[in-house]
Amino acid sequence: MNKFLFAILFSIISVAAMAQAPGRQISRPSSTSDTVVLNYNSPREYIIGGVTVVGTTHLDKEILIQISKLNKGDKISLPGEVNSNVIKDLYAQQLFDDVQLNITKINLDTVYLEIQVSEHPRLSRMRLLGISKGKADDVQKKLNDKTGKIVNENLLNTTTSIIKRHFQEKGYYNTEVLIKQRPDPSDTTSVILDVNIDRKKKVMINKVTFEGNKDFSKGKLKKYLSKTRQRKFYNIFGSKKFKEDKYKEDKENLIAKMQEKGYRDAAILSDTVTKHNDRTVDVKINVFEGRKYYFGSVKWSGNARYPNDLLTRVLRIEKGDVFSEELLNKRLSGGGPSGDDLSSLYMNDGYLTFTADPVQTKLYNDTIDLDIRIYEGPQYTINRITIKGNDVTNDKVIRRELQTIPGQKFNKALLIESTRIIGQLGNFDDTKTDPRPENLNPAEGTVDLLYNVVEKPSDQVELSGGFGGGQLVGTLGLTFNNFALRNLFNLKAYRPLPKGDGQKLSIRGQSSGRIYQNFSFTFSEPWLGGKKPIYFALTAYTQLSSTGQYYAKDNPNYNYLRINGVGVTLGKRLKWPDNHFQLNYSLNLDHYFLDNYNGYLFSNGTSYNIKLTQDLSRTSLDAPIYPTTGSNIKFTIQATPPYSLFNNVNYNIATPAQRYKFVEYYKFKFDAQWFTKLTGKLVLMSQLRSGFLGMYNSKVGPSPFERFKLGGDGMQSYQFLQGSEIIGLRGYTNFSIVPLGSNYTASQNPGSTIYNKFTMEVRHPVIASPSATIFMLAFAEGGNTWNSFSQYSPFNIRRSVGVGTRIFLPIFGLLGLDYGYGFDAIPGQPTANKGQFSFSISQSLSGGFN
């Protein structure tokens, strides 16, 4: 720009000088020996014979000639304004450091011109200084398109603006950017830009004030600004950073909330953001409330299927209620999955094209009368159902779960329920399942349904190692959640195992050598026979725990325990009270062999546990990985035959080996979870767990197996052997919660016959995607154990609080890390409470009990 001004000034001074010296002339040599004279007092008209361009490296010469407007054959006056105009037009392109217009030859009345330019350099690379590599990489992604561009004022300004905007979004409102150029030693036509970034401190909000509010308190208005909060110790979840995009969203939300309260004329008259100091700003908003409006009379027109009184009951709006367009629209068509809106009433009865248009017919004083005009349209019947996106899972696995059936009237509720069930299968991304009505035929009243699904990895690998109890334990587990047993001998179907039928195959092994071994196998089929939702599962396991060599019985530390088990489960999905219920029956046989092994009520002998279990459960979670609404409830009854009634054993003199050869007991368990959305993505999980182990005969006493062990992370690790139920209680060490008055340590704890546990857990997601789900949590929980109802006191519990995180990776399952602080000391176990870290590896989802 400076060079351009210099050229203009030089031209003006030259013309002025020539005007003061009328006899002065300049000349240029022509192609002949003649001397051609240009008289500045007497301009001559010439014809342009040709134009050349020199000095270009990257630019097209023909385009530059077009920009100069010097065309061969055109007439120009020399001397004249050509020089300054050409320079001005070319400089305006912001492509050059220098521009000159030269006369190379004049032949009679023909002139030949030369445009001499010096291009701006190109950008070879950009170095971001003053910030960490990770932050530089984030910024660089937004600047990658600048490489190779011409380095001019526009590029420098754009780069500065992008960087500042990037950091402003993160709360660094005073970011400074200083750009320096230096030659690129490898390319003389390019330069390197050193971009020095000083983010300064994050700009926080010092104070938010309001003007013009009368009916709304300042405190109420501040609550509507959920993402623009001033610095206060109690503003835990609202952001205290000032971000323009969030501030804009908050202003829109502020007006929407005021209108929702009946102030339909509410508006923001003005708002200002002023600097308080280098680190904070003040926000001032001037609002106009207007008058508060109320609903008047509501009339219906166009409805033939349902009478006015039924539509009024569904609408649930009475004359005199505060007017809210948001509430009105929600009651008409925005009820969501709850299905309590007018649209759901019609669409659950086949009226797919139903619409309701609320027309304001009268406005008097502060009251608004409405005429809700209904268009019912035809009833639609489902014609055909198509499924797309299931590249691995077979169609039948999805179709058998669908609640929508060809020939059935279209039903919005069943469409939503089908989508929920598809997500519960675990093979698809529940956030991307997209059911769409298509091919509507109003004449025949038919509609096709298309279910778009997106497969996600569902197989899981557990590979871990840990050290505890003086031994190193390795774990390898493989779970195939979409197995296909029918293709077991079809080598072409292996990927790496046959897939697609929705069956589950799990193989897991743990070992520390001869000291501890645990191997298990599980196969389950959710649709036995393929025609009805009859659940079938087969399990088998073997476990060993030993100290010292098995053959070295003379070793005083020798002990040995072997447990073998097999079980089969049959279950059925119920339709009453609703289709969220499941009823399962299991028959299991466990075989125990103890040789000098402590931890149960006897240490030597063989025992058999033949148990029949009934589970009645109801699950209505909205998502399998990170539930936000719904519940998970399970009631379990377990029992063995009452052997003492018919085995003729005298239990008054029976040895422990005789007493417990056939274990007898009955058992009740109740587990329940409720998920409640608090605000935004913040979710409250409430949980109750309890259990009771009873006996048929007081002479036999309580069972040595199937007892409850409370405390710790609840993991079924090498410390766990079948025969006990492990319930976690964070903030305490494993198995450390023992009944009052007992002298057991955690390692000696045989378990208790009664327990309960309460948990309140607040969760908030960090990442929610098909590839990974991460959420943070804060918890408060308590629990205790007892050995008789005479001691039982359900609210006399061991309490703890803490924080944690959960990471769900499809291939590894759910990983957890918690820090809990136990408030209540355990007699005889001084290190059992206080601060405790607990790590968990589990293949259960967030809806599982813990």
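The values are calculated or read from the model by the stated rules, or taken from the named source; none is laboratory data. The structure presented is a predicted model; accordingly, all values stated were derived computationally and were not measured. Don't worry about glycine lacking a Cβ; one is built from the backbone with ideal geometry, like all the others, and counts go over all protein chains shown.
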- Message: Please pick out the residue among K149, K141, K180 that is in contact with a helix residue (DSSP H, G or I) (Cβ under 8 Å, 6 or more places away or on another chain), more than 24 Å from N277 (Cβ to Cβ) and among the basic types (K, R).
- Response: K149
- Selection within the stretch 742-756 - in contact (Cβ under 8 Å) with a residue 60 or more places away in the chain and under 12 Å from F692 (Cα atoms): T753, I754, Y755, N756
- Where a residue in the stretch 164-185 is under 15 Å from K202 (Cα atoms) and its partner, wherever it lies, is aromatic (F, W, Y) and buried (at least 16 other Cβ atoms within 10 Å of the Cβ), with Cβ under 7 Å and at least six apart: G171/F242; Y173/F242; T175/F167
- Message: Give all pairs with beta carbons closer than 6 Å in which a residue from the stretch 634-649 that is under 12 Å from Y660 (Cα atoms) meets a residue that is loosely packed, with under 15 Cβ neighbours inside 10 Å and charged (D, E, K, R); count only pairs at least 6 apart in sequence or on separate chains.
- Response: none
- Query: Can you name the residue in the stretch 360-407 that is closer than 30 Å to S324 by Cα and among the basic types (K, R) and, of all such residues, is modelled with the highest pLDDT?
  - Reply: R373
- Message: Among the listed residues P641, P627, identify the single one that is surrounded by fewer than 18 Cβ atoms within 10 Å (Cβ to Cβ) and either of a type in the set (V, I, T) or modelled with pLDDT of 90 or more (or both).
- Response: P641
- Message: Pairs please, first residue from the stretch 684-705 and touching a residue at least 60 places away in the same chain (Cβ under 8 Å) and under 25 Å from N648 (Cβ atoms), second anywhere and acidic (D, E) and in a strand (DSSP E or B), Cβ atoms under 8 Å, 6+ apart in sequence or on different chains.
- Response: F705/D590
- Message: Can you report the number of residues in the stretch 757-796 which are more than 21 Å from G694 (Cα to Cα), polar (S, T, N, Q) and not in a loop (DSSP other than H, G, I, E, B)?
- Response: 2
- Item | 2 or more residues assigned by TED's automatic domain parsing to the domain that holds I754, modelled with pLDDT of 90 or more and more than 36 Å from the chain's Cα centre (by Cα): qualifying strands (runs of 3 or more DSSP E) within the stretch 682-737 | 682-694
- Item | Which listed residue, of E114, E153, is exposed (fewer than 12 other Cβ atoms within 10 Å of the Cβ) and in contact (Cβ under 8 Å) with a residue 40 or more places away in the chain | E153
- Message: Residue under question is S239, and the condition is that it be surrounded by 14 or more Cβ atoms within 10 Å (Cβ to Cβ) and modelled with pLDDT under 80; does it hold?
- Response: yes
- Item | Failed condition for E725, given (1) crowded, with 21+ Cβ neighbours inside 10 Å; (2) touching a strand residue (DSSP E or B) at 6+ places or on another chain (Cβ under 6 Å) | (1)
- Message: I'd like to verify a number: residues in the stretch 417-444 that are touching a residue at least 40 places away in the same chain (Cβ under 8 Å) and within 21 Å of the chain's Cα centre (by Cα), how many?
- Response: 10
- Item | Those residues of the stretch 600-619 which are surrounded by 20 or more Cβ atoms within 10 Å (Cβ to Cβ) and either free of Cβ contacts under 8 Å to residues at least 12 places away in the same chain or not basic (K, R) (or both), in sequence order | Y600, S607, N609
- Whichever residue in the stretch 90-111 is of a type in the set (A, V, I, L, M, F, W, C) and surrounded by 13 or more Cβ atoms within 10 Å (Cβ to Cβ) and, among such residues, is farthest from V53 (Cα to Cα): I106
- Item | Yes/no for F837 being over 30 Å from E462 (Cβ atoms) and assigned by TED's automatic domain parsing to the domain that holds K709 | no
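Conditions (1) assigned to a loop (DSSP other than H, G, I, E, B); (2) surrounded by 16 or more Cβ atoms within 10 Å (Cβ to Cβ); (3) at pLDDT 80 or above; (4) of a type in the set (G, A, S), marked per residue:
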{"residue": "S31", "(1), (2), (3), (4)": "yes, no, no, yes"}
{"residue": "V37", "(1), (2), (3), (4)": "no, no, no, no"}
{"residue": "Y40", "(1), (2), (3), (4)": "yes, yes, no, no"}
{"residue": "I48", "(1), (2), (3), (4)": "no, yes, yes, no"}
{"residue": "T56", "(1), (2), (3), (4)": "yes, yes, no, no"}
{"residue": "L59", "(1), (2), (3), (4)": "yes, yes, no, no"}
{"residue": "L70", "(1), (2), (3), (4)": "yes, yes, yes, no"}
{"residue": "I76", "(1), (2), (3), (4)": "no, yes, yes, no"}
{"residue": "G80", "(1), (2), (3), (4)": "yes, no, no, yes"}
- Note on the structure: Those residues of the stretch 512-535 that are within 36 Å of the chain's Cα centre (by Cα) and crowded, with 17+ Cβ neighbours inside 10 Å come to a total of 9
- Within the stretch 399-425, can you find the residues that are in a loop (DSSP other than H, G, I, E, B) and more than 14 Å from G350 (Cα to Cα)? R400, E401, L402, Q403, L425
- Message: Quick check on this structure: which one of R199, R182 is more than 38 Å from the chain's Cα centre (by Cα) and basic (K, R)?
- Response: R182
- Item | Matching residues, the stretch 545-590, being modelled with pLDDT under 85 and among the charged types (D, E, K, R) | K553, D554
- Within the stretch 131-175, considering residues that are of a type in the set (G, A, S) and under 32 Å from the mean Cα position of the chain (by Cα), the one nearest to T57 (Cα to Cα): S161
- Consider only pairs whose beta carbons are under 9 Å apart and that are at least six residues apart or on different chains; among these, list those whose first residue lies in the stretch 261-278 and is in contact (Cβ under 8 Å) with a residue 24 or more places away in the chain and closer than 19 Å to T228 by Cα and whose second residue is surrounded by 11 or more Cβ atoms within 10 Å (Cβ to Cβ) and acidic (D, E). L269/E211; V273/E244; V273/D282; H276/D282
- Message: I'm checking my understanding of the structure. Among residues of the stretch 75-89 that are in contact with a helix residue (DSSP H, G or I) (Cβ under 6 Å, 6 or more places away or on another chain) and among the aliphatic types (A, V, I, L, M), which one is farthest from T52 (Cα to Cα)?
- Response: I76
